[in-house]
Amino acid sequence: MEGILTYIYVGVVVLLLFGAAIFVHEFGHFWVALKRGLKVEEFAIGFGPVLWSKEVDGILYSIRWIPAGGFVKLPQMLTSEAIEGTAEENGEGEPEPEELPPVSPLSKILVAFAGPLMNVVFAIFIAVFLWIVGIPKQVNEPVIGYVGKSSAEHALGVQPGDVVQSINGQEVESWHDVIYAVLDSRGSTVEADIVRGKEKVTVKLPADTWDGGIRRIHLDNHQQLVIASVEKKSLLASVEFEQNDLILKVNDVQAFSQYHFVDLLMESPGAEKTITVRRKGKLERLTFTTPDQAGVSVGLMPEPEHGTWDLILSKLGKDLKLLEKTPAKKAGIKEDDIIHKVNGQRITSTRHLVDIIQANGDQEMEIELIRGGKTMTLTATPKDKRLGIALEHDLGLIFKPEAIKYGETLAHPDPVEQFGDVLYKVGITFKALSRGSESGVGAKDLSGPIGIFGMLAIQVKHDLRLALSFLVLLNINLAILNLLPVPVLDGGHILMSLIEWIRKKPVSVRLQEYATTAFAVVLISFFLYVTFADVKRVPLLHDIFQRETQTEPSE
């Protein structure tokens, strides 16, 4: 019952917050239009079929089914029927023709500008409120969790547990800062200041759009290893782990991530390892002896239709067949083989193997396999840095998603700081979009209503003040996007009105209608595209929504 009430609470608050951002925008148009003497036919929140409506003093107030925007219908200004719909289409009957006086360019500009301006005013109001009450500050230290043993980063001396202090001279306080700083960079490397204890070194870390994602460095953030469940029949079944154990160390070496833990556990075959865990507030020491023939198990996968191979770091069903064209099939690799060594290096984890294949490129490699308890050696030549196999390392442990941590002390950033942070992120996003081939950022990475609702829901569930902080970002984004000089948007109306002011006569109505309709089609198509991309991200948003939160004591 508590879970259902949580969902209802979050849903209601999200609709109210998002609706508030839309309402203040449209109210800006509405209020200025009345002040400038314009005829107002309708004030609507949402698009599509009418959910509720009421006419007051000749103005139709309505709420529509699609809560993705809104509009004020002004017959003296060109509006987009492609988005708003005509009165007849919306079931309102045929409107009475009415002769209305023309509107001055200044009035049109003021009405169009009022919407974005109200979003900024609303954002300022929220920012001042948050300045007074404070905002929980997420604790997400830029501590490196994993460095592949065969990676370029390892060759540079980077180690798990190192702290990233700056990227290209820009100081970072969290892993989120690292992500933004790398995304804002150019070139094949970024210069990073790395701190280890009292020692500080500067290294040039490779940065690229790994595996078709956005531009980033090939390093992971640290993780807390809290066990969610333990399989009875698995490699680590004998260790006697318990649910909620927090894995801390292997042989007194701190484990900074799941992959780092596996590497520490699997090195030195035949040797007994001591694993330190925190269990119910106390430290416990468990033991494990690494098998001599430990390695990475092979699962098989077909070649995708687009002609490339993917490495899936998860278990696949036994019914999948390996096609003749894949490098693994040509080499003679079979399902359930255990990859023990590659080019003489003993494999400790799936990530370790991936790093070796990526570093090897498309050069021939020597692979030592264990098949049915017997050792054999094959040679394989990857294609596009892929072998065409799936990998699994069935340790028998499932870890809990890491809790989202917030500091005990609230932050009190003033409105200037909050706006500066928003504009910094918006600027990076626009720059990344403008050089998408290098940054890897495209329309697929932008969020529509579903993504915005999802992020708002996450923030509302964790802390309402976080949702209000997100609302500052949302309102500034709405203001900036609506001021773009594109027909359909407020900036397009302003541009047309400026042209009319300069020319001393209106732009051709037919030209405006053609341009508005064409851009409305483009806008709707873009809206559908980002919505489709949002739908694919729903599982990820759900996982984040379900994550627990915890407060970290201040130092």
| field | Selection of trypsin sites (Lys or Arg not before Pro), region 412-492, meeting DSSP coil and at most 13 other Cβ within 10 Å | value | R435
| task | With unit charges on the beta carbon (Lys/Arg positive, Asp/Glu negative), name the residue among I339, V56, P105 whose Cα is farthest towards the positive pole of the charge dipole of the chain. | result | I339
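If you take the square roots of the eigenvalues of the alpha-carbon gyration tensor of region 144-221 and sort them as a ≥ b ≥ c, do you get rounded (a/c under 1.5), prolate (a/b over b/c) or oblate?
Oblate.
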| When all alpha-carbon pairs of the chain are counted, what percent fall beyond 46 Å? | 29
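Among F527, F125, F113, which comes first, second and so on when ranked by fewest other beta-carbon atoms within 10 Å?
Working: F527 17, F125 14, F113 21.
Going from least to most buried by this count: F125, F527, F113.
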| query | Which whole-Hz ³J(HN,Hα) couplings does region 330-335 yield from phi under the Karplus relation 6.51 cos²θ - 1.76 cosθ + 1.60, θ = phi - 60°, glycine and proline marked x? | reply | 4, 7, x, 6, 10, 4
| query | If each of V56 and L464 carries a label point 7 Å out from its Cα toward its Cβ, how far apart are those two points in nm? | reply | 2.5
| GluC sites (Glu not before Pro) restricted to region 112-188 and DSSP loop, no more than 16 other C-beta within 10 Å | E173
| HN-Hα J couplings of region 471-488 from phi, Karplus 6.51/-1.76/1.60, θ = phi - 60°, integer Hz, Gly and Pro as x? | 5, 4, 4, 4, 5, 5, 4, 4, 5, 5, 5, 5, 8, 4, x, 10, x, 5
| query | Restricting attention to region 185-252, which trypsin sites (Lys or Arg not before Pro) occupy a DSSP loop and are surrounded by at most 10 other Cβ atoms within 10 Å? | reply | K198, K232, K233
| Can you give me the Cα centroid spacing of region 1-33 and region 445-494 in angstrom? | 12
| said: Could you work out [θ]222 nm for the chain from helices alone, using -39500 (n - 2.57) per DSSP H run of at least four and dividing by all its residues? Round to the nearest 500 deg cm²/dmol. | reply: -12500 deg cm²/dmol
| task | Would you mind calculating the gained length between I502 and D384 on full extension (0.36 nm times residue separation, minus the Cα-Cα distance), in nm to one decimal? | result | 36.8 nm
| message | Please list, ordered by chain and number, the residues whose modelled amide H lies under 5 Å from the amide H of N221; skip anything fewer than 5 residues away on the same chain. | response | G145
| query | If you put +1 on each Lys and Arg Cβ and -1 on each Asp and Glu Cβ, how big is the dipole of the chain around its Cα centre, in Debye rounded to 20? | reply | 780
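Bear in mind that the values in this text are calculations on the coordinates, not laboratory data. The structure displayed is predicted, hence computed values, not measured ones. So basically every Cβ, Gly included, is an ideal-geometry build from the backbone, and we count neighbours across all protein chains shown.
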